[in-house]
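The values are calculated or read from the model by the stated rules, or taken from the named source; none is laboratory data. These figures come from a predicted structure and were not determined experimentally. Because the Cβ atoms are built from the backbone with ideal geometry, glycine has one as well, and the counts that use them run over all protein chains shown. When the accessible area is computed, the model is the full protein with side chains, heavy atoms only, and any ligands, DNA or RNA have been set aside. Shrake-Rupley method; radii C 1.70, N 1.55, O 1.52, S 1.80 Å.
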Amino acid sequence: MKTKITILLSILTLILSCQPSFEDTVDLKVQNWIHGSENCEDNMDPPIQVVKYNSHTYILRQNKCTNYEAPFMFLFFGENKALLMDTGATQEDDIFPLYKTVNTIINDWSKKNGEVELIVAHTHKHGDHYAGDAQFKGKPNTSVIGLEVNDVQDFFKIANWPEEVVDYDLGNRMMKIIPIPGHQASSIAVYDTSTKILLTGDTFYPGRLYINDWIAFKMSIERLVKFTDINEVSTILGNHIEMTQTAGVDYPMGSIYQPKEHQLPLSVLTLKELSNALTKLGDTPTKQIHDSFIIYPVD
């Protein structure tokens, strides 16, 4: 009997040792982000801020003094693959050394956990989310996914776009890929089953929700709400911050200095607020200001 118990304990220990550890996480509700300067010549912040959310998850933000969009990027590690979501708004590596930054993170991680293949994907096809792709193309052990709907479908094996949610395994870390067209045709959300983080790109974030296809956007938000009804979500993270800490007030487009930004994380309740608002607005594209976001149809 003792032998059986010993064997079972050994197996359990081995299994647990293979599981990524997510105990220690950064509180994103109070996390300070680099937010530009009134005079960028005086800006001393790095071109890319790196925040270690936990030992297997990193969040990066581009300096607003390199590009006012200041997009966020997300790096997830599994046992076999690392997934980088988006490559920022600047192509030049001397101004925006994204590959160097990501490669340093990967090398440091790999020393403790083993080598991984890097997969570069995108929340959608807008220039401030794929400008840095050229830094990664042709690099060893790296794949850059294309930007069109068919590229995303083919890579993630999505047969029924945009209705199908598919799994993508990084190696003992499952990501769920959720098509959400409306802001842009190839927009996707990404759900990490380990941290329960839901990435929503430019479809849902504290800012101006630019809507190119009103009906498709409404349906995508409905699908996201249904997804959160059956999947635990710890936080929702978009790719920008445009709202201030004052409810309903945003920074003007092109702002290079945002000293009092809204926090990055949004909640499922706020997502449902958006969904309910869109339902009430019906099929007529209408601008509407909310505390943490602005519904912003694009003509």
Quiz prompt | Gain in span if fully extended, N160 to Q263, counting 0.36 nm per residue against the direct Cα distance | solution = 33.6 nm
Quiz item: Which entry is the computed Cα extents along the principal axes in Å for this structure: (i) 69, 46, 37; (ii) 53, 43, 41; (iii) 46, 42, 40?
Solution: (i)
Exercise. Determine the share of the stretch 79-169's accessible area contributed by carbon and sulfur atoms, expressed in whole percent, with a 1.4 angstrom probe.
Key: 44 percent
Self-check item: For the stretch 55-70, Karplus couplings with θ = phi - 60° (6.51, -1.76, 1.60), whole Hz, Gly/Pro x
Solution: 5, 10, 9, 10, 10, 10, 10, 7, 5, 5, 7, 9, 6, 4, 5, 6
Quiz item: Using a simple spin-label model with points 7 Å from Cα along the Cα→Cβ vector, what separation in nm is obtained for T104 and D42?
Solution: 2.6 nm
Quiz item: At what distance in angstrom do the alpha carbon centres of the stretch 140-199 and the stretch 259-297 lie from each other?
Solution: 23 Å
Quiz item: Hey, rough spin-label estimate for E222 and T279, points 7 angstrom out along Cα→Cβ, what's it come to in nanometres?
Solution: 1.0 nm
Quiz item: Between K29 and N172, 0.36 nm times their residue separation minus their Cα-Cα distance comes to what?
Solution: 48.7 nm
Quiz prompt | For the chain: accessible area per residue (Å², 1.4 Å) | solution = 47 Å²
Quiz prompt | Prolate/oblate/rounded call for the stretch 199-293, Cα gyration tensor, a/c under 1.5 rounded | solution = oblate
Quiz prompt | Only Lys, Arg (+1) and Asp, Glu (-1) charged, at Cβ; the chain dipole about Cα centre in debye | solution = 980 debye
